[in-house]
Amino acid sequence: MNQSVFRLTLPILFGYLPLGMAFGVLFATQLDYAWWAAPLMGLVIYAGAGQILAVSLLAVNAGLLEVFIAMFVLNARHLFYGLSLLGQFKGAGWRKLYLIFGLTDETYSLLTSRPRGTDRAHEQEVDFRITGFNQCYWVAGCAIGALLGDNVAFDSTGIEFALVALFIVLTLEQFKALGEGFPIWLGAAAAGVAMLLLPPAHQLIGAIALVTAVLLVEYRKHRRQELHRESNHG
């Protein structure tokens, strides 16, 4: 089974190792912590974009509350990942909590797209091993990158662009999937306003708060329109 799981997760291995190494190098070169804290972070937090974001914020002396809020907002989508797979994980026993914890974007994509048999217990075991393999790839990348950053002298300027590149890819994928450009323009406008009005340490939280407020207003407006249409049809 491990060989088949390894073959399934091979594309994720080739993505997680270099990105994990980029995080490890950033961690070791920008923060004054022991190198082993980087793989520990990958083991306990396990959120690629969130970890890179946390390093970037801590490097500019952002407060822990701001780091927490930023990471929570960034990874809030994983709540919906878990909810959508509760049926698939039903009866998984002690494995269920780890299956939910380990739902990264790539793992979710693999678990929901791979062929599945009728033996629920066997398929849940495969899901569990896929999730574990993927996290091992990420933690290994974090450890290798942190060791390199801590022991090899080289210019790591610009490596933090890995986070920007990741967000660009995620944005383009979401645009292709949804065909809706409003969130993109809203995010860009909110970032511009925050950069103009707020100090650097508070710009991210300000942009997130602005986007959240506008989206809530838009949601309430659309909800009222739907209720109005339903009442007219009734």
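The values are calculated or read from the model by the stated rules, or taken from the named source; none is laboratory data. Since the model is a prediction, treat every value here as computed from it, not as a measurement. Every residue, glycine among them, receives a Cβ derived from its backbone with ideal geometry; neighbour counts consider all protein chains shown. Keep in mind that these areas ignore ligands, DNA and RNA; they rest on the heavy atoms of the full protein, side chains included. Shrake-Rupley method; radii C 1.70, N 1.55, O 1.52, S 1.80 Å.
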Run lengths n ≥ 4 of DSSP H only: what is the helix-derived mean residue ellipticity at 222 nm for the chain, with -39500 (n - 2.57) per run over all residues, to the nearest 500?
-26000 deg cm²/dmol
Which three extents, in whole angstrom, do the alpha-carbon atoms of the chain cover along their principal axes, largest first?
65, 55, 29
In whole Å, what is the distance between the alpha-carbon centres of region 78-100 and region 24-38?
32
Before anything else, pin down the relative contact order of the chain: Cα pairs under 8 Å, at least 6 apart, normalised by residue count, whole percent.
34
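So if R0 is 35 Å, what FRET efficiency would LEU79 and ILE184 give, r being the distance between their Cβ atoms, rounded to the nearest 0.05? Could the numbers behind the result be given before it?
Numbers: r = 22 Å, r/R0 = 0.64.
E between LEU79 and ILE184, to the nearest 0.05, is 0.95.
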For the chain, set up a GNM with springs between Cα atoms under 10 Å and report which of LEU197, LEU57, LEU74 has the largest fluctuation.
LEU197
Candidates per chymotrypsin sites (Phe, Trp or Tyr not before Pro) in region 33-113, loop by DSSP, up to 14 other Cβ within 10 Å
TRP36, TRP94
Calculate the spin-label point distance for HIS122 paired with THR171, positioning each point 7 Å from the Cα along the beta-carbon direction, and give it in nanometres.
4.5
In Å and whole numbers, how far do the C-alpha atoms of region 1-55 stretch along each principal axis, longest first?
41, 17, 16
In region 178-234, taking the dipole from +1 charges on Lys and Arg beta carbons and -1 charges on Asp and Glu beta carbons about the Cα centre, the listed residue (GLY187, ALA207, HIS228) farthest towards the positive end is HIS228
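Where nothing but the Cβ of Lys and Arg (+1) and of Asp and Glu (-1) is charged, how large is the charge dipole of the chain around its Cα centre, in debye to the nearest 20? Provide the component values of the computation, followed by the final result.
Values: 15 positive and 16 negative charges, 169 e Å.
Rounded to the nearest 20 debye, it is 820 debye.
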Residue-level accessible surface for HIS202, protein heavy atoms, 1.4 Å, Å²:
90
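Suppose accessible area is computed on protein heavy atoms with a 1.4 Å probe; arrange VAL60, VAL73, VAL67 from highest to lowest. Each step should come with its number before you reach the end.
On the way: VAL60 90, VAL73 65, VAL67 15 Å².
Per-residue accessible area, sorted high to low, gives VAL60, VAL73, VAL67.
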Please give every one of the aspartates and glutamates within straight-line cross-link reach of LYS96, meaning a C-alpha to C-alpha distance under 13 Å, and leave out same-chain neighbours fewer than 8 residues apart.
GLU123, GLU125, ASP127
Please report the carbon-and-sulfur percent of the accessible area for the chain; probe 1.4 Å, protein heavy atoms only, DNA, RNA and ligands left out.
68
Env charge @ TYR16, Cβ radius under 12 Å, K,R +1 / D,E -1, value -2
